[in-house]
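Before any comments, here is the structure.
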Amino acid sequence: QVQLVESGGGLVQAGAFLSLSCAASGNIFSIVAMGWYRRAPGKQRELVARITSGHSADYADSVTGRFTISRDNAKNTVYLQMNSLKPEDTAVYYCNANLRPGSGGSYINFWGQGTQVTVSS
């Protein structure tokens, strides 16, 4: 069984930084891409950043230049360094992994349970 376990998050003031991490565990054959999404109150979930196994990364325009995504393939772990946080970054952040389980089959999207990030003004 595959699990994504997130850590990090919390309450900070505007301008501060936070780091998130997410480790995928279980019977995993390979992971194509890992990323972070977020859902702010009253809004739909949106992509924050995504990184492939080859370390090619994409970012939402709203976080480009402030957030950095990285990945440790050996540990099946993805990180999100968030700098210069703004109140509009307040949301629940979800880890995502597009992976193929060791039991075979197709690549499937798995999600973490979410971690709250709150930025006060």
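The values are calculated or read from the model by the stated rules, or taken from the named source; none is laboratory data. Values in this document were obtained by computation on a predicted structure and should not be read as measured data. Please note: Cβ atoms are built from the backbone with ideal geometry, for glycine as well, and neighbour counts cover all protein chains shown. Side chains included, ligands, DNA and RNA excluded: accessible areas come from the protein's heavy atoms. Shrake-Rupley method; radii C 1.70, N 1.55, O 1.52, S 1.80 Å.
Some notes on this structure:
- Among PHE17, PHE29, PHE67, the largest mean-square fluctuation in a Gaussian network model of the chain (Cα springs under 10 Å) belongs to PHE29.
- For segment 37-102, the solvent-accessible area with a 1.4 angstrom probe is 51 square angstrom per residue.
- Cβ-based net charge around VAL78, under 12 Å, with every Lys or Arg adding one and every Asp or Glu removing one: +1
- The share of accessible area on segment 57-98 that comes from carbon and sulfur is 46 percent, using a 1.4 angstrom probe.
- Amide H contacts of GLY9: SER19, each under 5 Å away and 5 or more positions distant or on a separate chain (H built 1.01 Å from N in the peptide plane; Pro and chain starts excluded).
- Considering only VAL78, VAL2, PRO41, and ranking their Cα positions along the charge dipole of the chain that arises from unit charges at the beta-carbon of Lys, Arg, Asp and Glu, the one farthest toward the positive end is VAL2.
- For SER30 and GLN81, a Förster radius of 25 Å and the Cβ-Cβ distance give a FRET efficiency of 0.50, rounded to the nearest 0.05.
- FRET efficiency for SER103 and THR64, using Cβ-Cβ distance with R0 set to 35 Å, rounded to 0.05: 0.40
- Intensity falloff of the chain expressed as log10 I(q)/I(0), Debye formula with alpha-carbon point scatterers, at q = 0.13, 0.14, 0.21 Å⁻¹: -0.47, -0.54, -1.13
- In order through segment 8-21: 3J(HN,Hα) via Karplus (6.51 cos²θ - 1.76 cosθ + 1.60), integer Hz, x for Gly, Pro: x, x, x, 10, 9, 8, 4, x, 7, 10, 8, 10, 10, 9
- Segment 65-121 - charge dipole about Cα centre, Lys and Arg +1 at Cβ, Asp and Glu -1, debye rounded to 20: 140
- Dipole moment magnitude, nearest 20 debye, the chain about Cα centre, only Lys, Arg, Asp, Glu C-beta charged: 120
- Note on segment 51-78 and segment 79-121: Cα centroid distance 11 Å, given to the nearest whole angstrom.
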